[in-house]
Structures are given as C-alpha cells and as structure tokens.
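A.B. asks: Got a structure for you, written out below as structure tokens; questions coming shortly.
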Amino acid sequence: MAPVQVGDTLPSEDLFEDSPATKVNIAEFVSGKKVVLFAVPGAFTPGCSKTHLPGYVQNADKMKADGVGEDAHSVSINDPYVMAAWDAQHNTKGKVRMLADPNRNFIKALNLGTNLRPLGGFRSKRFSMVIYDGKFQELNVEPDGTGLSSSLVDKIKYKN
Ligand code: BEZ
C-alpha cells in the first residue's frame, strides 16, 4: 500500500494522551480545524528530544498567531505513559499534545511506518503534516525515514 498523499482524508484512529484511559480520535479532533501534526521514531531518542520536538515547542505560539488554531500534535509508537513522561521533561502542555499510538494503528493506516531494529522494530518514520478540515494539505516525510530535515518546524508551510 502506498503512503498517504496530499489531498487524502486523515484516517479515523484512536490515539492516547497521558494514559490508556484517554482516547483521542484523531479524525474527530481535526474536523473543521487546521492542525499541524508531526511524528517521531521514538520519545526520548536524541534527535527527537534535542531537535525535532523542541522546534515545535519553541514555535507553538508563533504557529497559533499565524492561524494554526490548535496545539501541534506529536505522535509516536510508544505507550501513553512514555509520551506523558516526555511531555513532562519538555514542558509541552499548551504547546504540543503528546499522543501515543501504542498499537501502531494510526501509523499503519498512514503507511508511514518503518522497521527500526535499534528501537525494537516497527516505528513511525519522521514526518510532519498540515491537516485542514480532515484532509492532508501538506506532508513532509523524511527521505531516509529518520533524518532531521524536511519535517522540522521551519520547513512547514502552514500559512498557505
Ligand atoms: C533519533 O535520535 O532521533 C533516532 C535514534 C535512533 C533511531 C531513530 C531516530
């Protein structure tokens, strides 16, 4: 199956925030909104912690001022407690929502997963996307799957 493309509809999948008890259905959440979503190969990994996530945290207020109505959403194939601990370390509340895809359903539905043996197997590729009213308006997938170039915050064209 090919990865999702610009113009496709975001799949309806449940993600988890803070604990397995708090479901966030991503399709319901993005309906009628402009949302920036980025995915990382793993919480706490060096590239994700030092570069990818901090860029979105630091630019959260600017993105909102520029018309992105919501906090950015960070997704990783980790459990929700790991994402909550990563949130606490980076003080992301009110800037980036930390959403877990522990059963891999969302990343599989996007067909944006990759096998990362050093992290234990199937994980998300690193990517960013702009979703407008449930459809992909922009999609930036790292060409090598995990690099830190096209998916960084300064490459997003969310103003369009
Ligand atoms: C990282 O540092 O972001 C990273 C480490 C191992 C695999 C993928 C990403």
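A.B. asks: Can you compute the label reach from Lys135? Point 7 Å from Cα along the Cβ direction, backbone N cut-off under 18 Å, restricted to the stretch 24-40.
C.D. replies: 27-37
A.B. asks: If N is the number of residues in the stretch 14-108, what value comes out of its Cα radius of gyration divided by 2.2 N^0.38 Å?
C.D. replies: Against the empirical 2.2 N^0.38 Å value, I get 1.00 for the stretch 14-108.
A.B. asks: On to the next question. Would you kindly give the portion of the calculated P(r) for the chain that falls above 19 Å, as a percent of all Cα pairs? Please report the intermediate quantities before stating the final value.
C.D. replies: Working: 6091 of 12720 pairs.
When every Cα pair of the chain is considered, 48 percent fall beyond 19 Å.
A.B. asks: Here's a follow-up. Which FRET efficiency value, to the nearest 0.05, do you get for Lys62 and Ala21 by plugging their Cβ-Cβ distance into 1/(1 + (r/R0)^6) with R0 = 35 Å?
C.D. replies: In this case the efficiency is close to 0.60.
A.B. asks: Under 13 Å from a label point 7 Å along Cα→Cβ of Ala85: give me every residue in the stretch 27-52 with its amide N that close.
C.D. replies: 43-45
A.B. asks: Additional query: Positive end of the dipole of the chain, charges at C-beta (+1 Lys, Arg; -1 Asp, Glu), about the Cα centre: which of Pro118, Ala60, Pro11 has its Cα farthest in that direction?
C.D. replies: Pro118
A.B. asks: Moving to a separate point now. Would you work out which of Thr146, Val75, Met1 lies farthest towards the positive end of the dipole of the chain, given +1 charges on the beta-carbon of Lys and Arg and -1 on that of Asp and Glu, about the Cα centre?
C.D. replies: Projecting each Cα onto the dipole axis, the largest value belongs to Thr146.
A.B. asks: Arrange the following residues from fewest to most other Cβ atoms within 10 Å of their Cβ: Ile77, Ile156.
C.D. replies: Ile156, Ile77
A.B. asks: Among Lys34/Lys108; Lys125/Lys159; Lys23/Lys157; Lys62/Lys93; Lys95/Lys135; Lys62/Lys159, which pairs are too far apart, with a Cα-Cα distance over 19 Å?
C.D. replies: Values: Lys34/Lys108 23 Å; Lys125/Lys159 24 Å; Lys23/Lys157 29 Å; Lys62/Lys93 15 Å; Lys95/Lys135 22 Å; Lys62/Lys159 11 Å.
Pairs exceeding the cut-off: Lys34/Lys108; Lys125/Lys159; Lys23/Lys157; Lys95/Lys135.
A.B. asks: If each DSSP helix of 4+ residues adds -39,500 (n - 2.57) and the sum is divided by the residues in the chain, what number results at 222 nm, nearest 500 deg cm²/dmol? Working shown, then result.
C.D. replies: Working: 5 runs with 34 residues, N = 160.
The helix contribution divided over the chain gives -5000 deg cm²/dmol.
A.B. asks: Continuing with the same structure: Could you work out the relative contact order of the stretch 30-132, using alpha carbon pairs under 8 angstrom and six or more residues apart, expressed as a whole percent?
C.D. replies: Values: 172 pairs, mean separation 40.4, N = 103.
Result for the stretch 30-132 is 39 percent.
A.B. asks: Given the C-alpha centroids of the stretch 80-108 and the stretch 10-25, what is the distance between them in whole angstrom?
C.D. replies: 10
All of the numbers you see were taken from the coordinates with simple rules; none came from a lab. Remember, it's a predicted structure, so these values are computed and weren't measured experimentally. Glycine also receives a Cβ, built like all others from the backbone with ideal geometry; neighbour counts cover every protein chain displayed.
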